[in-house]
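All of the numbers you see were taken from the coordinates with simple rules; none came from a lab. From a predicted model like this one, the values you see are computed outputs, not experimental measurements. Cβ coordinates were reconstructed from backbone atoms using ideal geometry, including for glycine residues, and neighbour counts include every protein chain displayed.
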Amino acid sequence: METGSGQDISERGGRGSTEKAAIGHVPVLLQEAIDFLAVKRGGTYLDATVGLGGHSYEIARRLGAPGHLIGFDKDPAALRIAGVRLSAHGGRQTGAEPGVGSERVGPDWPIITLLHGSFAELANAQQPASLDGVLADLGVSSLQLSDAARGFSFQAEGPLDMRMNPMSGETAEQVVNHIDERKLADVIYEFGEERRSRRIARAIVRSRPIRTTTQLVEVVAAAARSMKHERIHTATRTFQALRIFVNRELDDLKALLEAAPRVLKPGGRLVVISFHSLEDRIVKDAMREGAKDKHFRLLTKKPVMASEDEIERNPRSRSAKMRAAERI
């Protein structure tokens, strides 16, 4: 599976548009995630989904100069923004030649290494028992949703891309226009939990070629015939399904969960924030299986949810579920 170039991202451009893009970014379940990670000064922590760097910044603040924060992300644009955010105080390169992505900022700031790639590469990238904690905040980021050119949102017209790593892999347009009707229906049903998947797939095939998000929304809406009292947009599940399929999100999540017991030190923490039932079910089952095999001690019997105050401040947090476990 192609999951990105694997190279370190070290662009630390000026505080222009990239820094502005991070303004208004609100990390979901931030305090709860940091509490469950129980960040130790001088430890080594991995943020498997850096995004715009909100969680990473709070981890880095607690690590101090002896610590090391490693961040993965498929999206090079997100990594550039996170790099600016994490070096906001100005700093100097240490521990590596300029340009390879390891940076220490200020007198009491950890070494930070940002890697362009999927966290599915974790098993190969990290030594056994080398991490004090792993955090994964799953799903699509506000940066991706807000850029119509990325094709993630059904609320604005753009090309049907949906790749978190825009440099590799099939686009949603290629999937929509080239796979056969039965396979397309299976994708929409399996990854979108959409009961009208066969009807939608049939309509998509008959409407080919479909090039834009708006075209796809119109086709899905006409085929699905929105049910009364439906709480979400008619196209939500189809867009979710295509995004998950294009980015192999569930395969990557399984690879992360499989690697976690090996790369965490005894006492190390695994914290995962998911945004739909498919992800949460995989996380729940993996952690319970890990507890049964004496790899993990469960820290959350039930998922931690956002408070009403957080939901009011950040509506995206409404669907978030966080689970945590400790390596035995």
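Please report the equivalent ellipsoid semi-axes of segment 224-294, computed as sqrt(5 x eigenvalue) of the Cα gyration tensor, largest first, in whole Å.
In descending order, the three semi-axes are 32, 13, 9 Å.
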Tell me the angle of helix 249-263 to the major Cα principal axis of the chain, expressed in degrees between 0 and 90 and rounded to the nearest ten. 20 degrees
Highest GNM mean-square fluctuation, the chain, Cα pairs closer than 10 Å: which of GLU173, GLU312, GLU32? GLU312
Which option, (1) 22.7, 93; (2) 27.1, 86; (3) 20.0, 62, is the value of Rg and Dmax of the Cα atoms in Å that was calculated from these coordinates? (3)
Taking the Cα atoms only, what angle lies between the long axis of helix 213-224 and the longest principal axis of the chain, rounded to 10 degrees? 60 degrees
Relative contact order for the chain: what percent, with Cα pairs under 8 Å and sequence separation of 6 or more? 18 percent
List the relative contact order of segment 148-247 as a percent without decimals, with contacts defined as Cα pairs under 8 Å and 6+ residues apart. 35 percent
Projecting the Cα atoms of SER168, ALA82, LEU184 onto the charge dipole of the chain, where Lys and Arg contribute +1 and Asp and Glu -1 at Cβ, the residue farthest towards the positive end is LEU184
Between helix 197-207 and the chain, what is the angle of the helix's C-alpha long axis to the longest principal axis, kept within 0 to 90° and rounded to the nearest 10? 70 degrees
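Could you calculate, for segment 148-247, the ratio of the Cα radius of gyration to the Kirkwood radius, expressed as Rg to Rh?
Rg/Rh: 0.93.
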